[in-house]
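Colleague: There's a structure below that I have some questions on.
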Amino acid sequence: MSKKNINLSSVKGTHDILPHEQFVWEKLRKGIRHVAEIYSFSRIDTPILENLDLFQRGVGEATDIVEKQMYTLTTKGGDKLVLRPEGTSAIARAYIQHGLSHMSQPLKVYYDGPFFRYEQPQAGRYRQFNQVGFEIIGGENDPIYDVQVMITALRLLESLKFKNISIHLNSIGCKACRAIYKKKLLNYYKNNKKEICKDCNRRMLDNPLRLLDCKDEHCEAVKKEAPSIIDDLCTPCRKHFKEVLEYAEELKLPYQIDPFIVRGLDYYNRTVFEFFVEIESADGEKTTSLALGGGGRYDYLFEILGHRNTPAIGMAFGMERIVEAIKACNINLLPRQKNKIFLIAIGIEAKKKGLSLIEEFAGSGINVSESIGKNSLGAQLKASDKEGASWALILGQKEVFKESVIIRDLKTGVQETVLLKKVVAEIKKRL
Ligand code: HAM
């Protein structure tokens, strides 16, 4: 193929995370590990490829994810696979496959990694994106776990210095009370059929709860007067929700009840929630809400997948959304400290000695930068300047012969020669 024909852009809806952007991602990953440890979540990793029917069944045939957004492929052997669009179904699959119900319950797991959805790319919406998720599976169907998932997620955002966080909280009940509510909702929308968009007319037939999710301005107006599911919760669901609210009060979670949170995946029941942060415009005049993540209870998922009834609750954040919100909120996360020491070596013997010296420094916990592939002193000094190092260690033929090294203060230009065997101790004194 001629060079002219190669498309050198990343695939539509995917993006690179470049070296200078990595420090924000590293802070985020560090925050994830930290809160996971505090709240006793163990890491789980599942494959990127899964069987297609896992999500068809788990997420639901009438959802946007399954209807429109999955990257599917058929292997040479005829297996129908999918690039995972979300993590919860895959974790439920792993829980069942590996008999994780035999471990101490509930099982608390977390994950982060890439997910894939065929969506129209825009800010905060990609075709390959990363999620971090927390799941509590098994044990009792206790509202305390609902609040534990929310507090873990909240602490992660707080560790990244977010302020103005809000949790929009709702209950969508169980199969029984939801069926009653759906009828009521449908009746209401039938009376307003002419006011709503084409998509919502279709949703009336296959997924009425999703009517509450529509962002069309005419539908928003109709939605405002729609009946609220909370009024139709059955006694056990009402009790569960009341206890969630009591625990949330106790922990002072920044929540607000939002009867329009229904979530886009079919496996949810009872508690559902979404996390938002408020972002101020540059002139401080306007604030917009950015949705960072969401989750809820999914007590039916295990039965849908053919396993026994297993209570579970979880949530996931979009990691790109968090990174974009960090930028939009002007949160100042300090980049990685650059290395203060830069090694310069001229000639093959000096390079050999230099490599050993880098190892010796690393053994003492000091990282040393270098540009040892360059030959001239000038080029290496220029590189040390770019790195912003404070001291250069210079090794030439003469130094190798005398088992010594020059320490050059890169700000003042003052140089001093010390014995190689003393250089680590000498640098430690200066750091
Ligand atoms: P979800 O709401 O579909 O839930 O996705 C969770 C988060 O992933 C979203 O709030 C958003 O921040 C991010 N996200 C989703 N799609 C995209 C996209 N195309 N581009 C960028 N970010 C995106 C779930 O996936 C559930 N599995 C969450 C859960 C865990 N429920 C229980 N446990």
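Okay, residues lined up against (1) assigned to a strand (DSSP E or B); (2) within 8 Å of the ligand (Cβ to nearest atom); (3) modelled with pLDDT of 95 or more:
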{"residue": "Ser289", "(1), (2), (3)": "yes, no, no"}
{"residue": "Gly294", "(1), (2), (3)": "yes, yes, yes"}
{"residue": "Asp299", "(1), (2), (3)": "no, no, yes"}
{"residue": "Gly306", "(1), (2), (3)": "no, no, yes"}
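Colleague: Mind checking which pairs have a first residue in region 184-199 that is within 17 Å of Ile229 (Cβ to Cβ) and a second that is part of a helix (DSSP H, G or I), Cβ under 6 Å, 6 or more apart or different chains?
Modeller: Leu185/Pro208; Leu186/Pro208; Tyr189/Met204; Tyr189/Leu211
Colleague: May I pose another question? Condition first: near the ligand (Cβ under 9 Å from one of its atoms) and buried (at least 20 other Cβ atoms within 10 Å of the Cβ). Now tell me which residues in region 249-271 satisfy that. Walk me through it before giving the result.
Modeller: Going residue by residue through region 249-271, those that are near the ligand (Cβ under 9 Å from one of its atoms) are 263-265, 267-268.
Within region 249-271, Arg263, Leu265, Tyr267, Tyr268 qualify.
Colleague: I need a count of the residues in region 385-431 that are among the small types (Gly, Ala, Ser), touching a strand residue (DSSP E or B) at 6+ places or on another chain (Cβ under 6 Å) and modelled with pLDDT of 95 or more. Write out each step before concluding.
Modeller: As a first pass, look at region 385-431 and keep what is among the small types (Gly, Ala, Ser): 388-390, 392, 396, 404, 413, 425.
Still in the list and also touching a strand residue (DSSP E or B) at 6+ places or on another chain (Cβ under 6 Å): 389, 392, 404.
After this cut, where a residue has to be modelled with pLDDT of 95 or more as well, the list is 392, 404.
Residues that pass the stated criteria total 2.
Colleague: Just to be sure I understand the filter: pairs with C-beta atoms under 7 Å, separated by 6 or more residues or on different chains, first member in region 113-136 and over 19 Å from Thr63 (Cβ atoms), second member more than 9 Å from the ligand (Cβ to nearest atom) and of a type in the set (Gly, Ala, Ser). Which pairs pass?
Modeller: That search, which allows pairs on different chains as well, returns Asn130/Gly113; Phe134/Ala153.
Colleague: While we're here: Are any residues in region 370-426 in a strand (DSSP E or B) and among the basic types (Lys, Arg), and if so, which ones?
Modeller: Matches in region 370-426: Arg408 only.
Colleague: Still on this model: Only one residue in Glu26, Glu37 is farther than 30 Å from Cys200 by Cβ, away from the ligand (no atom under 15 Å from the Cβ), in contact (Cβ under 8 Å) with a residue 60 or more places away in the chain and assigned to a helix (DSSP H, G or I), so which one is that?
Modeller: Only one candidate qualifies: Glu26.
Colleague: Related question: Residue check: is Ile304 in contact with a helix residue (DSSP H, G or I) (Cβ under 6 Å, 6 or more places away or on another chain) and closer than 30 Å to Ile261 by Cβ? Spell out how you get there, then give the answer.
Modeller: Working: in contact with a helix residue (DSSP H, G or I) (Cβ under 6 Å, 6 or more places away or on another chain): yes; closer than 30 Å to Ile261 by Cβ: yes.
Yes, satisfied.
Colleague: If you don't mind, another one. Any residue in region 115-134 that is more than 16 Å from the ligand (Cβ to nearest atom) and assigned to a loop (DSSP other than H, G, I, E, B)?
Modeller: No, there is no match, as no residue in region 115-134 is more than 16 Å from the ligand (Cβ to nearest atom) and assigned to a loop (DSSP other than H, G, I, E, B).
Colleague: Let me ask another. Give region 142-170 a look and list any residue that's away from the ligand (no atom under 15 Å from the Cβ) and part of a loop (DSSP other than H, G, I, E, B), or say none.
Modeller: Residues satisfying the conditions are Asp142, Lys161, Lys163, Asn164.
Colleague: Closer than 20 Å to Asp146 by Cα, small (Gly, Ala, Ser), within 12 Å of the ligand (Cβ to nearest atom) and not in a loop (DSSP other than H, G, I, E, B): is that true of Ser101 in this structure?
Modeller: no
The values are calculated or read from the model by the stated rules, or taken from the named source; none is laboratory data. Keep in mind that what you see is a predicted model, and the values were worked out from it rather than measured. Here the Cβ is made from the backbone with ideal geometry for all residues, glycine too, and neighbour counts use every protein chain on show.
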